[in-house]
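Peer 1: Let me begin by handing over the structure; questions about it come next.
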Amino acid sequence: MNKKVAVLGTGANGSCIAADLTNSGLDVVLIDQWPAHVEAMREKGLHITLRKGEYHADVRAHHLCDLASMNTVFDVVILVTKSYDTRWHAELIKPYLAEDGFLIGVQNGMTAEVIADVVGSSRTLGCVVELSSYCFVPGEIKRNTAPERTWFGLGSFHPSTVGREEEVAEVLRNAGKVDFVDNVLAAKFMKLVVNSMTLGTMAMIGGDLAEEQPEGMSELMMRLGAESLEVGKALGHPVVPLFGLKDEDIQGSNQMLQKFIDKLNHDIGPGRGANTTLQDHIKGRLSEVDVINGMIVAESEKRGWKAPANAAIVEVTRRIHAGELKPDVSNLKLAIELAGQATPSPTGRGPAAL
């Protein structure tokens, strides 16, 4: 393979992907906005610690400002930033993307169409990822999801890219399993549904998805999922499988959302450390809750109904970010109180229908 590849945004997940691509012999550069991380990678490379084992990658790392003096044109750029940073990163890298190249958002949230709006629909694909990792020390990554359990769902959402998916798949296969997804925007929304249930909830209590859940947590998570699914239905997104599951694994199941969560637990395993939102709380950084749970609230309000469970997670997260609260199990009671009594959905479906 002679493609020139960039990983733009080399936090925990971006570093894992970049290390795997580098060690597979690809022509890869890493570009990031965290100066200390870039300098650590330049000095000693990336050190990835797995649950079983560890590995090293000598990478080519660059600061964002280095782009101004680069003469490189990239065939594939893998964007692994926070979803709220998508548009400006896409604009930043656009002059360095080949005319027939691809900018792929390996992110949470509904970012594919944002990227297409910047670089054009013919230069992006939709991508869903299952990969858990964290980074608190520059150059040092803890990877929870082993490479063999890492999963990418890849697909076209515009006719101009149909038949070209393999060009990106051959790159991503060096970092995990790749499945082609027929309705990739629906798959991205299903990932958002799962994230709406898990990221903000576990982060607000400072906990781990695999631990025994406090009373009321499972019920709250199912309410979050029910509200999110209603929005997906209104937006025209059908329910589709994720994380390597098949249609037969979820069709007709009255515990579909629990199946997704169980699959995540299996692939990530116990002792994972802080999820991405809890990492944000610990670092005092803005989380993605506003573009996940907040999206569900906004889309519900557009249609004249409420999403009280998702609104409660947004509010508790806001208070944590403002320093009014700290991640603690007591926040669960607050979230349940803020959510109040379940509000019937416009179709009459509620959590029991899951």
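The values are calculated or read from the model by the stated rules, or taken from the named source; none is laboratory data. These numbers come from a predicted model, not from an experiment. Cβ atoms come from the backbone with ideal geometry, glycine included; neighbour counts cover every protein chain shown. Just the protein is used for accessible areas: all its heavy atoms, side chains included, with ligands, DNA and RNA removed. Shrake-Rupley method; radii C 1.70, N 1.55, O 1.52, S 1.80 Å.
Peer 1: Could you give the size of the charge dipole of the range 10-147 about its Cα centre, using +1 on the Cβ of each K and R and -1 on the Cβ of each D and E, expressed in debye and rounded to the nearest 20?
Peer 2: 400 debye
Peer 1: Using only Cα atoms and rounding to the nearest 10 degrees, what angle (0 to 90) does helix 217-235 make with the longest principal axis of the chain?
Peer 2: 70 degrees
Peer 1: Count the net charge of all other residues whose Cβ sits under 13 Å from the Cβ of His62, scoring Lys and Arg as +1 and Asp and Glu as -1.
Peer 2: Cβ neighbours under 13 Å give a net charge of -1.
Peer 1: List the trypsin sites (Lys or Arg not before Pro) within the range 44-80 that fall in a DSSP loop (any state other than H, G, I, E or B) and whose Cβ has at most 11 other Cβ atoms within 10 Å. Working shown, then result.
Peer 2: Details: sites: Lys44, Arg51, Lys52, Arg60; in loops: Arg51, Lys52, Arg60.
Passing sites in the range 44-80 are Lys52.
Peer 1: Follow-up question, since we're still on this one. I'd like to check one number: the per residue accessible area of the range 60-131, probe 1.4 Å, reported in Å² as a whole number.
Peer 2: On a per-residue basis, the range 60-131 sits at 36 Å².
Peer 1: Grab the Cα-Cα distance for Arg173 and Asp328, subtract it from 0.36 nm times how many residues apart they are, and report the gain in nm with one decimal.
Peer 2: Full extension from Arg173 to Asp328 adds 52.0 nm.
Peer 1: Please work out how much length the chain gains when fully extended from Arg60 to Glu219, using 0.36 nm per residue of separation minus the C-alpha to C-alpha distance, in nm with one decimal.
Peer 2: Difference between extended and current length: 52.6 nm.
Peer 1: Same structure, new question: Within 10 Å of each candidate Cβ there may be at most 13 other Cβ atoms; applying that plus a DSSP loop requirement, which GluC sites (Glu not before Pro) in the range 180-240 survive?
Peer 2: Filter output for the range 180-240: Glu211, Glu212, Glu215.
Peer 1: At 7 Å along Cα-to-Cβ for each site, give me the label-to-label distance between Lys94 and Ala146 in nm.
Peer 2: So the label points at Lys94 and Ala146 sit 4.3 nm apart.
Peer 1: Among Ile78, Leu67, Asn13, whose Cα lies farthest out toward the positive end of the dipole of the range 1-144, if unit charges sit on the beta carbon of Lys, Arg (+1) and Asp, Glu (-1)?
Peer 2: It is Asn13, whose Cα lies furthest towards the positive end.
Peer 1: For the chain, set up a Gaussian network in which alpha carbons nearer than 10 Å are linked by springs, and say which option among Thr198, Thr72, Thr22 fluctuates the most.
Peer 2: Thr72
Peer 1: Order these peptides, 101-107, 325-331, 315-321, 15-21, by their mean beta-carbon neighbour count within 10 angstrom, highest first.
Peer 2: Working: 101-107: 25.7, 325-331: 15.6, 315-321: 20.7, 15-21: 27.7.
Per-residue mean Cβ counts within 10 Å order the peptides as 15-21, 101-107, 315-321, 325-331.
Peer 1: I've got another one for you. In the range 104-190, carbon and sulfur make up what percent of the accessible area (probe 1.4 Å)?
Peer 2: Solvent-exposed carbon and sulfur of the range 104-190 make up 49 percent of the total.
Peer 1: Can I ask one more? As a check on your grasp of the helix formula, calculate [θ] at 222 nm for the chain: sum -39500 (n - 2.57) over DSSP H runs of n ≥ 4, divide by the residue count, round to the nearest 500.
Peer 2: -13000 deg cm²/dmol
Peer 1: By how many degrees, between 0 and 90 and to the nearest 10, does the Cα long axis of helix 35-44 differ from the longest principal axis of the chain?
Peer 2: The answer is roughly 50 degrees.
Peer 1: How far is helix 12-23 tilted off the main Cα axis of the chain, in degrees rounded to 10, range 0 to 90?
Peer 2: Roughly 30 degrees between the two axes.
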